[in-house]
Amino acid sequence: MVGEGDTALPQLDSQARPSGAWGFSHLVFEEVGGEVITTLVEGPAGKQVRSNLSYLQLKQLYDQGAPPPSDLQMTREELGELVGQLDTLRQATEKYRDVEVALKDGYLFSGTETPNMGAHFVNPDLKWDGVFNPAEPDFLLYIQDEAEEWELVGTGFYLPTLQAGEDHPEAFVGPLDNWHVHYSLCVGGLANKEGDSATAEECLERGGNWSASVGWMIHTYVWVDNPLGVFGMWNPNIPPLMPAEEMRETRTFDHPHEGEVATTIENFSHRDSQINVAETLVWTNMDAVPHTVTLGSRGVAEPGFDSGLMGPGQSFALKFDQPGTYSFTCTLHPTMNGEIVVTR
Ligand SMILES: [Cu+2]
């Protein structure tokens, strides 16, 4: 237990810091209006599987006839159903390779083209109907080529939280469809080319469109194959082209200061870390519940450091002046244990 009367707790070191990366972490915390808030939730943590398999790779996997690899947590039948949904989506949107057909069917250009994603052409009737139908995507993604012709690169879906609820919607078969919700999102306007987190006032100043929440959404790349997964947020095969491994770096919000090493608490687990003497280790809690970083093991504290309760997005920084191996735990969750090796 973290005692309330324990005045030795270094609570002052525990504060919220920007952390996470859109499309790579379940939660993202950003500084908006001078305050660190949750700007993106991808859910639900733990129950979904983040897979880098593209549409064509999933198809190939199914066609090979073998049981899917266990890390997909899907049966062969489920994989078949998912591939069937994606095939339906591709067939149904074939006609939208001609942007004129999309416009005629009510898809409207949202005004901005986002790097590594494309421009959203949203059908407002489909967006708000709360119905998931793989043959009727709520938005289409296009990029404009040098001749200013629109090229179809992807599709996507919205499910308003009003209908789908606060939990991850059931839509595509299996656990691969990592739907996300943006909070305090500013889209369009002159200053920001891509969707950006902002206060309503900041967004107004930029001439953008602000929403407190846009509901659940997902990108589904059945036209330009995505090496970060068919449901990936970003597609490195959509300009500006870049190696897939570089994408997380470019999208991340936690930038450690000089002499700091960043680590995260994610999915109810503490990670091992290795640092040098005189470096500062900074933990950020990426889970939606509080945890602690406490010297000790299996939930039992030993005299030494203790972060106290770290809420979602909160960080805790600790500088190590002595080499050694330190075991740490979470006093709320005894199964969370990690080790810090400090070397000279
Ligand atoms: Cu915990």
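Going residue by residue through segment 250-260, is there one that turns out to be within 16 Å of the ligand (Cβ to nearest atom), of a type in the set (F, W, Y) and under 21 Å from I37 (Cα atoms)?
No - not one qualifying residue is present in segment 250-260.
Give the residues of segment 68-115 that are aromatic (F, W, Y) and either without any contact (Cβ under 8 Å) to a residue 40 or more places away in the chain or within 17 Å of V49 (Cβ to Cβ) (or both), sorted by residue number.
Y107, F109
Go through segment 55-110 and give me each residue that's part of a loop (DSSP other than H, G, I, E, B) and more than 26 Å from K127 (Cβ to Cβ).
Within segment 55-110, G65, A66, P67, P68, P69, Q73, M74, T75 qualify.
Please state which one of M286, M233 is closer than 18 Å to F24 by Cα, more than 16 Å from the ligand (Cβ to nearest atom) and touching a residue at least 60 places away in the same chain (Cβ under 8 Å).
M233
Output the qualifying pairs, or none if there are none: Cβ atoms under 6 angstrom, residues six or more apart or on different chains, first residue in segment 32-52 and within 18 Å of F253 (Cβ to Cβ), second residue β-branched (V, I, T).
Close Cβ pairs satisfying both conditions: V32/T199; G33/T199; T39/V28; L40/V28; V41/V181.
Suppose we keep only residues that are part of a loop (DSSP other than H, G, I, E, B) and within 12 Å of the ligand (Cβ to nearest atom) within segment 261-283. Which one would you say is surrounded by the most Cβ atoms within 10 Å (Cβ to Cβ)?
H270
As an exercise: evaluate G296 against (1) buried (at least 21 other Cβ atoms within 10 Å of the Cβ); (2) in contact with a Phe, Trp or Tyr (Cβ under 9 Å, 6 or more places away or on another chain); (3) assigned by TED's automatic domain parsing to the domain that holds H180; (4) not β-branched (V, I, T) and give the number of the one condition it does not meet.
(3)
The values are calculated or read from the model by the stated rules, or taken from the named source; none is laboratory data. Fair warning: this is a prediction, and the values are worked out from it, not measured in the lab. Cβ coordinates were reconstructed from backbone atoms using ideal geometry, including for glycine residues, and neighbour counts include every protein chain displayed.
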